[in-house]
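Trainee: I have a structure here, written as C-alpha cells, and I will follow up with some questions on it.
The values are calculated or read from the model by the stated rules, or taken from the named source; none is laboratory data. The model shown is predicted, which means the values in this text are computed figures rather than measured ones. So basically every Cβ, Gly included, is an ideal-geometry build from the backbone, and we count neighbours across all protein chains shown. Accessible surface is based on the protein model in full, side chains and every heavy atom, while ligands, DNA and RNA are left aside. Shrake-Rupley method; radii C 1.70, N 1.55, O 1.52, S 1.80 Å.
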Amino acid sequence: MKKCLLLGNGGREAVLAEQISKNYALYSIMPYVNPTIEEYVKKSQGKYLVGNPFDKELVKKFIIDEKIEACVVSQDNLLQDGLIDLAKELGIETFGPTSKGAKIEWSKTYALEIVKKLAPEMVIKNVAITTQEELDKAIEQYEDDSFVVKPEGLTGGKGVKVGGIHFKGKEEGYQYAKSCLEEAGRVIVQDKVEGREFTVMALTDGEHIVVTPITFDYPYRFEEDKGPGTGGMGCLSFADGKLPFLEQADIDKCAELIQKTIHELNSENLEFNGVIYGGFFKCKDGIKFIEFNARFGDPEAINVLNALETPFTEIFEHIQNKTLSSSNCKFKKNYTFTVYVVSPNYAIKSTKEQCEFKLNKQAILENDAKIYFSSTKHIEGNNYTSVGNSRLFAVHTEGNTLEEAKEKAYRAMENNIDEKLSYRKDIGEIYEH
Ligand code: GLY
C-alpha cells in the first residue's frame, strides 16, 4: 500500500485524511493530535509524529526513514513555505503547488496581475499600493466607505475588510489599509461591489482541470452574515453542482479563467497541481474575480471530498500521470452541508485560553452525520479541549434535498454539543450582499 504523508491539521486535513486512508497508508506530522487524523492513521496502519510540519529537517527525516512515497499539502502557509518543493526534491509524488505556484494565494497583487492579463473584464477596479502617497490618493477617490481593503499576504481568510461591514467610515478603512501597508509594504484598495459570492474549485494535474461542485461559504461569524470575517462557519453544495443563482455560463467563465491560470503558472515548469480555489462574485454586470487560493477551502473541502464518487486516491494517481479528466473524476448528485462549531471567542476576542467542552460524538454519528475535528484535542470519553481559539470541529451531512441535509445536521447537533460552544443556525440561507 502506498505511504502518503499529509501535512496540516485542520478540518480540511481531517477529510483529506479520511479520503487518503481509504487506499493508502496515512502518515502525518501534526503540532497536536487531531482526533480525526489520528483515527485514520491508525485505521490505515500508518504513523504520525507530533511535531512541527514547518520543520523541514523533521519532515525530510520522516519521509526518508518511513520510505514515504507521496505527499499531500493543502494548507496556505505550508505551501508558501515550500513543503511541496521539499517533497519534490526528495523525488516523491505530490499533490499541491510549489511555493512559486502558491504565489497566486500568498501575493494578492500577483493574482490580480494574472487575472488582469487573462480576463480583464473580471477584475474589480482596484489600486495596488506601495507608498503612503498612493494610499492617500486612492482613499481620496471615495466619498464614503464603499471600498474594500485587501492585505497582500496570507491572513487565514480574516484579512479582507469590506467598508460598511468590517469597518465603518472612510477613516477606519484608511487606518486599516495603512496598517496593512506598514506590515507588508503593499496593500490593495478595491471598489466595493454588490453581488453573490461563490467558490469554484478545480482539481488539476497541471494541464487539465475538473471543476468540483460549486460551493457557497459562510464567512461571517454570526447569523444573517453579521460580525467579523472568519475562515468559514459553514458551507453547502447542490446536487446539480451549481447554485440557484448561477447559470452554467457563469461557471464556464470561471473555469476558463482557472484553466488559463493553470497554463500560465505551469508555462515553464510544473509548479501547480492539486486543487485551485477561485472566489468570485456574481454581479449585475457579470462575474467578478475576488481571489485565488492554492488549496482546498476549509470547510469547502469537507463538502467537495464527501461529494466525490471516484476515490480520492484514484484522482491522486491521475494527477501524477497527467490523465485527469471529467470521465475519471466524478461526483455524486447530492446536497452536501457542513456546519463549523467554534470556541465562543473565535474571531471575536484574541485569547490563548483553552476551552474544555463535552461532545457526544457517538450520538452525532448515529444521526447519520459525520464529524471532522479541527483545532481540538481529545481528553477522554466525551471530553475535549480546544487548541488555541479557533474552529473546533465540523458536522457534515448529505441529503437528497438541501432541507433534508440541513435538518439532519441540526438535529444531530441538538443536545449533543456543549452549550458553551457556538455555531451558526442559518447555514442553508443564500444571502446577497
Ligand atoms: N473557507 C475559505 C477558505 O478556506 O479560504
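Trainee: Using a 10 Å cut-off on Cβ atoms, rank the peptides 136-142, 238-244 from the highest mean neighbour count down.
Mentor: Packing order, densest peptide first, comes out as 238-244, 136-142.
Trainee: Using alpha carbons only, how many angstrom separate the centre of region 112-143 from the centre of region 1-61?
Mentor: Computed from Cα coordinates, the inter-centre distance equals 40 Å.
Trainee: Further question on the same structure: If a/c stays under 1.5 just call it rounded; otherwise compare a/b with b/c (prolate if a/b is bigger, oblate if not). Do that for region 313-433, with a ≥ b ≥ c from the square roots of the Cα gyration tensor eigenvalues.
Mentor: Since a/c reaches 1.5 and a/b is larger than b/c, the shape of region 313-433 is classed as prolate.
Trainee: Among Gly156, Ala70, Leu135, whose Cα projects farthest towards the positive end of the dipole of region 62-156, with charges put on the beta-carbon of Lys, Arg (+1) and Asp, Glu (-1)?
Mentor: It is Ala70, whose Cα lies furthest towards the positive end.
Trainee: Filter Lys108/Lys161; Lys117/Lys170; Lys22/Lys333; Lys192/Lys282 down to the pairs with a C-alpha to C-alpha distance above 19 Å, please.
Mentor: Lys117/Lys170; Lys22/Lys333, as the Cα separations exceed 19 Å there.
Trainee: Considering only DSSP beta bridges with both partners in the chain, what is the antiparallel share in %, to the nearest 5?
Mentor: Percentage antiparallel, nearest 5: 80.
Trainee: Next question, about the same structure. Taking each pair of distinct Cα atoms in the chain once, what is the resulting Kirkwood hydrodynamic radius in Å?
Mentor: Kirkwood hydrodynamic radius for the chain: 22.0 Å.
Trainee: Given a Förster radius of 41 Å and the C-beta distance between Tyr142 and Met1 as r, what FRET efficiency does 1/(1 + (r/R0)^6) yield to the nearest 0.05?
Mentor: Working: r = 58 Å, r/R0 = 1.41.
The pair Tyr142/Met1 has a calculated efficiency of 0.10.
Trainee: Moving to a separate point now. Considering every Cα-Cα pair within region 232-370, what fraction, in whole percent, is farther apart than 17 Å?
Mentor: Roughly 73 percent, rounded to a whole number.
Trainee: Excluding ligands, DNA and RNA, what is the solvent-accessible area per residue of the chain at a probe of 1.4 Å, expressed in Å²?
Mentor: 41
Trainee: Follow-up. Pairs of alpha-carbon atoms within less than 8 angstrom and 6+ residues apart define the contacts here; what relative contact order does region 51-109 have, in percent?
Mentor: For region 51-109, the relative contact order is 32 percent.
Trainee: Nearest 0.05, what FRET efficiency do Tyr32 and Lys358 give at R0 = 25 Å with Cβ-Cβ as r?
Mentor: Given R0 = 25 Å and the Cβ-Cβ separation, E is 0.85.
Trainee: What list of whole percents do you get for P(r) of region 161-274, with Cα-Cα distances grouped in 5 Å bins up to the one holding the largest distance?
Mentor: Using 5 Å bins, I get a P(r) of 2, 9, 14, 14, 16, 17, 15, 9, 3, 0 for region 161-274.
Trainee: Write down the Kirkwood hydrodynamic radius of region 298-364, to one decimal in angstroms, obtained as one divided by the mean of 1/r over all alpha carbon pairs. Walk me through the numbers on the way to the answer.
Mentor: Details: mean 1/r = 0.0646 Å⁻¹.
Averaging 1/r across every pair of different Cα atoms and inverting gives 15.5 Å.
Trainee: Moving on to the next point. Ignoring ligands, DNA and RNA, what percent of the accessible area of region 311-388 is carbon or sulfur (1.4 Å)?
Mentor: For region 311-388, the apolar C and S fraction of the accessible surface comes to 45 percent.
Trainee: Quick one: which residues, 5 or more positions from Leu308 or on another chain, have an amide H under 5 Å from its amide H? H modelled 1.01 Å from N in the peptide plane, none for Pro or chain starts.
Mentor: Under 5 Å from the amide H of Leu308: Lys332.
Trainee: Now for a separate question. Can you give the convex hull volume of the alpha carbon atoms of region 47-136 per residue, in Å³?
Mentor: Convex hull volume per residue, Cα atoms: 140 Å³.
Trainee: A further question follows. To the nearest 20 debye, what is the magnitude of the charge dipole of the chain about its Cα centre, counting +1 on the Cβ of each Lys and Arg and -1 on the Cβ of each Asp and Glu?
Mentor: For this selection, approximately 760 debye.
Trainee: Once amide H atoms are placed 1.01 Å from N in the peptide plane, what residues at a sequence separation of 5 or more from Met201, or on another chain, have their amide H within under 5 Å of its amide H?
Mentor: Thr212, Thr215, Gly278
Trainee: Lys/Arg Cβ at +1, Asp/Glu Cβ at -1, dipole of the chain taken about the Cα centre: which of Ala14, Phe222, Gly101 is farthest positive-ward?
Mentor: Ala14
Trainee: How high is the relative contact order of region 107-167, in percent, counting Cα pairs under 8 Å that sit 6 or more residues apart?
Mentor: 32
Trainee: Taking the Cα centre of region 164-317 as origin and charging only Cβ (+1 Lys, Arg; -1 Asp, Glu), how large is the dipole, in debye to the nearest 20? Before the final figure, lay out each step's value.
Mentor: Working: 15 positive and 28 negative charges, 134 e Å.
Around 640 debye, computed over region 164-317.
Trainee: Still on this structure, I have one more. Taking all protein chains in place and a 1.4 Å probe, what share, in percent, of the accessible surface of region 1-91 do carbon and sulfur account for?
Mentor: About 47 percent, which is the carbon plus sulfur part of the accessible surface.
Trainee: Could you tell me which of rounded, prolate or oblate describes region 180-223, using a ≥ b ≥ c as the square roots of the eigenvalues of the alpha-carbon gyration tensor, with rounded for a/c under 1.5 and, failing that, prolate when a/b is larger than b/c and oblate otherwise?
Mentor: Oblate.
Trainee: Can you tell me which of Met201, Met30, Met233 moves the most in a GNM of the chain? Springs connect C-alpha atoms under 10 Å apart.
Mentor: Of Met201, Met30, Met233, the Gaussian network model singles out Met30 as fluctuating most.
Trainee: What shape does region 81-132 have by the C-alpha gyration tensor, where a ≥ b ≥ c are the square roots of the eigenvalues, rounded means a/c under 1.5, and otherwise prolate means a/b greater than b/c and oblate the rest?
Mentor: Oblate, since a/c reaches 1.5 and b/c is not below a/b.
Trainee: Got a sec? Charge dipole of the chain, +1 on Cβ for Lys and Arg, -1 for Asp and Glu; which of Tyr24, Gln45, Ile165 is way out at the positive end?
Mentor: Gln45
Trainee: For region 282-340 and region 375-433, what is the separation of their Cα centres, given in Å?
Mentor: So the separation of the two Cα centres works out to 22 Å.
Trainee: Roll a 1.4 angstrom probe over the protein heavy atoms and tell me the percent of accessible area of region 109-167 that is carbon or sulfur.
Mentor: C and S atoms contribute 51 percent here.
Trainee: So what does log10 I(q)/I(0) come out to for region 1-89 at q = 0.15, 0.17, 0.18, 0.25 Å⁻¹, using the Debye formula with one equal point on every Cα and no solvent?
Mentor: For the requested q values the scattering log ratios are -0.45, -0.59, -0.67, -1.37.
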